[in-house]
Amino acid sequence: MTETPSQTPPADANGDQETATAPSDAASAPQVGSPAQPSVKGSVAENVDAPADGGAAGNALASEIRDGYAFEGPAIQFGAAVVDGQVYADAPIRIPLAVMNRHGLVAGATGTGKTKTLQLMAEQLVEQGVSVFLADIKGDLSGMASPGQPNDKITARAQDVGMAWTPTAYPVEFFSLGGLGKGIPIRASVSTFGPVLLSKVLGLNATQESSLGLVFHYADTKGLWLDTIEDLRAVIQFLTSDAGKADLKELGGISSATAGVILRELINFSAQGADVFFGLPEFDTNDLLRVASDGRGVLSMLELPAVQDRPDLFSTFLMWLLADLFHDLPEEGDLDKPKLVFFFDEAHLLFNEASKDFLDAIEQTVRLIRSKGVGIFFVTQSPKDVPADVLAQLGNRVQHALRAFTPDDQKALRAAVKTYPHTQYDLEELLTSLGIGEAVITVLSERGAPTPVAWTRMRAPQSLMDPSPTELIDAAVNASPLTPKYLTATERDSASEMLGKKVAELDAAAAAAAQEAENAKVREAAARQAEKDRLAAEKQAEKDREAAAKAAAKEAAAAEKAARADERRREEDPGVVASVVKSGAFKSMLRSAGTVIGREITRSIFGTARRR
């Protein structure tokens, strides 16, 4: 928060400040909440009981309006009623704090004073202890951290509406989306951002949004934390890979082609630098509900100039903040004043090309968050920018000038007029002729009934109606107790790392299985070869045995044949001895010898002597 006054000269604008000389001595600058210059007199309290020129009592419509806005409880001041071009300072136009959670609409063409209306409403809410959140799209609302600079227009406006003007700085916390621009980074995890909001940012159609919801469901059931866009891409890449095909099939309702489309959109989203908006530490929306040490509410300002070319992104992020508040805050019922008032600037960007599910979610959030002590004010150019179901939930209306240059504009004007309570004003003419810093207002009374329609000249904001100096914003960010909590992005093992490990494990298991299969093939081949070798050996041994048997049989046959041949030869060729033996001479000799031998033998046998 900051309490340093601005040294920036103010600009000339609606009730706006003119060029003034900044103090040369910084030490002489006033502190927040104390007057930078003497107050401009003309407070409501001073004027209501002493109206000039007869006051509202002299005009029936002005009197009706004064009575319709005479609330008993605390309220914030818009300005004073105008009837027939005359301002009635004793007919202040106010809104009770107790109905600020009944939501509202601030509408009007560009340059009609909507931003200044936001500023003066936020100032008074903060002063009464209500925390405020608003988006600073162009950077000019940062001036709320600096006291305003008086000029003739502001003096005239204060006297005109009968309300004192005191230059005041307010306690401001500056935030930025993902740290882009000046401010404490606001980040969201993809998981908590959710598929419906993310589909809106990515521009997905209904089928793709449904498929993205299934991807989130898969991540939730598998305990995969989607902290960043990279985590979501990792889940989709896993589901479309060979490793995740089985899981993708189990999901049902999501095709590989649709997953591929979503993946391409995420890649394009990241290429545009959107990664910085998602991650940790995630912003705790309870930090929007803090109260300053002096009892004033804290003004949380989201600085968006660095991303103003991405309106679909920042508008959806604002919706996420609301959805997160709705999710976390307890039921409170009707409070004397809201816990937080949320100004949703450039609201038409939120509804453009939104899916039915997205619109239903907005309508439900707006309808139910009231009982949690949160008021929402949509700020846009025309009431037709807001869907009818949402518009029906907005009980308070601040309508600046409308333009009716085209037939469509005229049709929208007539439609807007029909939404107001009956009034003596010619609204169709009035809404096109309001001056800068004027509005047509109707709000809910403390009883919940619509107040009379009031042409209102708005009071001027008390803070600077120009950007605060860069040095002041930097000092406020550096001094904030939230800076150490959110400044540095952190990481943990989320879906990307978890799936990386899982894929690595699956790859390792697949490699081990492949190696085992290869080893099994080798073993099987070796076994087959061993069996083949065994069978071959046995076959060879059988062949060898058969060959040996054949050889042995052959040799035996040959030997037998040889023996028979020898025998035949012996039979056929007796030889020399046989020939001699068989010869006649040998036989004659044998006979002679046999006779001799026979005798000798005989004698010898009988022992007789041989004759001599």
### Query
Out of the residues in region 126-152 that are in a loop (DSSP other than H, G, I, E, B) and farther than 21 Å from Ser293 by Cα, which is most open to solvent (accessible area, probe 1.4 Å)?
Lys138
### Task
Residue by residue through region 463-497, note down the ones that are part of a loop (DSSP other than H, G, I, E, B), surrounded by fewer than 14 Cβ atoms within 10 Å (Cβ to Cβ) and of a type in the set (D, E, K, R).
Glu491, Arg492, Asp493
#### Entry: Condition met for Gln381 (among the polar types (S, T, N, Q) and under 19 Å from Leu134 (Cα atoms))
yes
### Query
So which residues in region 448-462 are over 28 Å from Gly143 (Cα atoms) and open to solvent by 10 Å² or more (accessible area, probe 1.4 Å), if there are any at all?
Gly448, Ala449, Pro450, Pro452
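Each row is one residue, and each column tells you yes or no for (1) within 16 Å of Leu97 (Cα to Cα); (2) touching a strand residue (DSSP E or B) at 6+ places or on another chain (Cβ under 7 Å); (3) at pLDDT 95 or above.
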{"position": "Thr110", "(1), (2), (3)": "no, no, no"}
{"position": "Thr115", "(1), (2), (3)": "no, no, no"}
{"position": "Leu118", "(1), (2), (3)": "yes, yes, yes"}
{"position": "Met121", "(1), (2), (3)": "yes, yes, yes"}
{"position": "Gln124", "(1), (2), (3)": "yes, yes, yes"}
{"position": "Glu127", "(1), (2), (3)": "yes, no, yes"}
{"position": "Val132", "(1), (2), (3)": "yes, yes, yes"}
{"position": "Ile137", "(1), (2), (3)": "no, no, no"}
{"position": "Met144", "(1), (2), (3)": "no, yes, yes"}
### Query
Could you list, in sequence order, the residues of region 92-108 that are open to solvent by 10 Å² or more (accessible area, probe 1.4 Å) and within 33 Å of the chain's Cα centre (by Cα)?
Arg102
### Message
I'm checking my understanding of the structure. Among residues of region 239-254 that are over 15 Å from Asp507 (Cα atoms) and not in a helix (DSSP H, G or I), which one is modelled with the lowest pLDDT?
### Response
Gly253
### Positions within region 232-275 being under 14 Å from Met498 (Cβ atoms) and open to solvent by 40 Å² or more (accessible area, probe 1.4 Å), in sequence order
Arg233, Gln237, Ala243
### Task
Please tell me if Gln364 is surrounded by 17 or more Cβ atoms within 10 Å (Cβ to Cβ) and not aromatic (Phe, Trp, Tyr).
no
### Task
Could you look through region 416-434, keep only residues that are exposed (fewer than 13 other Cβ atoms within 10 Å of the Cβ) and under 19 Å from Gln381 (Cβ atoms), and pick out the one that is modelled with the highest pLDDT?
Ser433
### Query
In region 452-471, which residues are in contact with a strand residue (DSSP E or B) (Cβ under 7 Å, 6 or more places away or on another chain) and under 14 Å from Gln77 (Cβ atoms)?
Ala454, Thr456, Arg457, Met458, Arg459, Ala460, Gln462
### Task
Those residues that are out of contact with any Gly (no Cβ under 8 Å at 6 or more places or on another chain) and open to solvent by 30 Å² or more (accessible area, probe 1.4 Å), I need them from region 436-447; list them, please.
Arg447
### Message
Please pick out the residue among Thr192, Thr155, Thr168 that is part of a loop (DSSP other than H, G, I, E, B) and among the polar types (S, T, N, Q).
### Response
Thr168
### Query
Would it be correct to say that Val503 is open to solvent by 20 Å² or more (accessible area, probe 1.4 Å), in a helix (DSSP H, G or I), out of contact with any Gly (no Cβ under 8 Å at 6 or more places or on another chain) and without any contact (Cβ under 8 Å) to a residue 40 or more places away in the chain?
no
### Message
Pairs needed: first member in region 174-197, more than 20 Å from Leu299 (Cβ to Cβ); second member anywhere, assigned to a helix (DSSP H, G or I) and open to solvent by 20 Å² or more (accessible area, probe 1.4 Å); C-beta distance under 6 Å; at least 6 residues apart or different chains.
### Response
Gly178/Val276; Leu180/Ala306; Pro195/Gly213; Val196/Asp357; Val196/Ala361
#### Entry: Subset tally (residues that are open to solvent by less than 60 Å² (accessible area, probe 1.4 Å), in a helix (DSSP H, G or I) and either small (Gly, Ala, Ser) or closer than 16 Å to Val503 by Cβ (or both)) for region 197-231
6
### Query
Condition test on Ile362, is it β-branched (Val, Ile, Thr), at pLDDT 90 or above and closer than 18 Å to Leu318 by Cα?
yes
### Query
Would you call Val440 part of a helix (DSSP H, G or I) and in contact with a strand residue (DSSP E or B) (Cβ under 7 Å, 6 or more places away or on another chain)?
no
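Each row is one residue, and each column tells you yes or no for (1) open to solvent by less than 10 Å² (accessible area, probe 1.4 Å); (2) within 14 Å of Val196 (Cβ to Cβ).
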site: Thr316; (1), (2): yes, yes
site: His327; (1), (2): no, yes
site: Gly333; (1), (2): no, no
site: Asp336; (1), (2): no, no
site: Val341; (1), (2): yes, no
site: Leu349; (1), (2): no, no
### Query
Does at least one position in region 273-288 carry a residue that is outside any loop (DSSP other than H, G, I, E, B), out of contact with any Asp or Glu (no Cβ under 8 Å at 6 or more places or on another chain) and within 14 Å of Leu197 (Cβ to Cβ)?
yes
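The values are calculated or read from the model by the stated rules, or taken from the named source; none is laboratory data. A quick note: this is a predicted structure, and the numbers were derived from the prediction, not measured. Cβ coordinates were reconstructed from backbone atoms using ideal geometry, including for glycine residues, and neighbour counts include every protein chain displayed. Only protein heavy atoms, including side chains, enter the accessible area calculation; ligands, DNA and RNA are left aside. Shrake-Rupley method; radii C 1.70, N 1.55, O 1.52, S 1.80 Å.
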